[in-house]
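The values are calculated or read from the model by the stated rules, or taken from the named source; none is laboratory data. Since we're looking at a predicted model, the values are computed, not measured. Reconstructed Cβ throughout: ideal geometry from the backbone, glycine too, with neighbour counts over all protein chains shown.
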Amino acid sequence: MSWIRIRRSGVLLLALVLSGCINQQQQPQPAAPVEPVTPPVNVPQPPKAEPGQNVPPPPKMQPLNWSATVSPLVGQMLKADGINAGNVLLVDNVKNSTNGSLQSAKATAALLNSLENNGQFSLVTPQQLAAARQTLGLSADDSLVSRSKAIGLARYVGAQYVLYSNAEGDIKSPSLQLQLMLVQTGEIIWSGSGAVVH
């Protein structure tokens, strides 16, 4: 029994020694304030223009003769088979698919002038077209002109035909493509193209 008492005493002594080793919890030290360091920002200074140094002018738009370009094409179109006289025609804005800036509004105006008093079609007026574009949420200068949008616009204004036009190629020598489409089916009933006259 003495070994048991010694063993128990040893365990108790060990427990007392270990319990005396527990340190008091230390209070956390306040953190030292850290000041953020902002890296220096190097702003590049624009080069100063010296007096007398000229800025090059933007490239000039080449004058294009839209009337001379569209007249022969419109003449061919009016002689095409399958056109019923007296129907309403919507002339959509000329789409610019060239590699530069093109005065497509002048091209559209030349198409409208060439089709006035043609004897085949009644034209949708620019006012009707502008109102329809606004109602359908299309801007007047919609650069995403597509055949489906043109047909949808023609249906909205009650036209039976739509003239879709696209200027394409190099801006120095563009070509104009015209397509007369039947609104009801979307069928292209006439197509023609020609070089734009300078």
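So, Leu14, is that one in contact with a strand residue (DSSP E or B) (Cβ under 6 Å, 6 or more places away or on another chain), modelled with pLDDT under 90 and not acidic (Asp, Glu) or not? In short, no. Residues of region 102-119 that are in contact with a strand residue (DSSP E or B) (Cβ under 8 Å, 6 or more places away or on another chain) and either aliphatic (A, V, I, L, M) or touching a residue at least 12 places away in the same chain (Cβ under 8 Å) (or both): Leu102, Ser104, Ala107, Thr108, Leu111, Leu112, Leu115. Of all residues in region 175-192, none satisfies being of a type in the set (A, V, I, L, M, F, W, C), modelled with pLDDT under 95 and more than 20 Å from Asp81 (Cα to Cα). Of note, Val157 does not satisfy the criterion of being of a type outside the set (Ser, Thr, Tyr), modelled with pLDDT under 90 and under 26 Å from the mean Cα position of the chain (by Cα). Between a first residue in region 138-155 that is under 22 Å from Thr185 (Cα atoms) and a second residue that is at pLDDT 80 or above and of a type in the set (Phe, Trp, Tyr), which pairs have beta carbons less than 7 Å apart while being 6 or more apart in sequence or on different chains? Pairs that qualify, where the first residue is under 22 Å from Thr185 (Cα atoms) and the partner is at pLDDT 80 or above and of a type in the set (Phe, Trp, Tyr), are Arg147/Tyr164; Ala150/Tyr164. Would you call Ala68 at pLDDT 90 or above, in contact with a helix residue (DSSP H, G or I) (Cβ under 7 Å, 6 or more places away or on another chain) and part of a helix (DSSP H, G or I)? When the stated conditions are applied, Ala68 does not pass them. Is it the case, given these coordinates, that Asn99 is touching a strand residue (DSSP E or B) at 6+ places or on another chain (Cβ under 9 Å) and exposed (fewer than 14 other Cβ atoms within 10 Å of the Cβ)? Taking the combined requirement at face value, the residue satisfies it. In summary, Ala85 fulfils each of the numbered conditions (1) in a helix (DSSP H, G or I); (2) in contact (Cβ under 8 Å) with a residue 24 or more places away in the chain; (3) more than 17 Å from His198 (Cα to Cα) with the single exception of condition (1).
Yes/no matrix, rows are residues, columns are (1) among the hydroxyl-bearing types (Ser, Thr, Tyr); (2) at pLDDT 90 or above:
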position: Val88; (1), (2): no, yes
position: Val91; (1), (2): no, yes
position: Val94; (1), (2): no, yes
position: Thr108; (1), (2): yes, yes
position: Ser122; (1), (2): yes, yes
position: Ala130; (1), (2): no, no
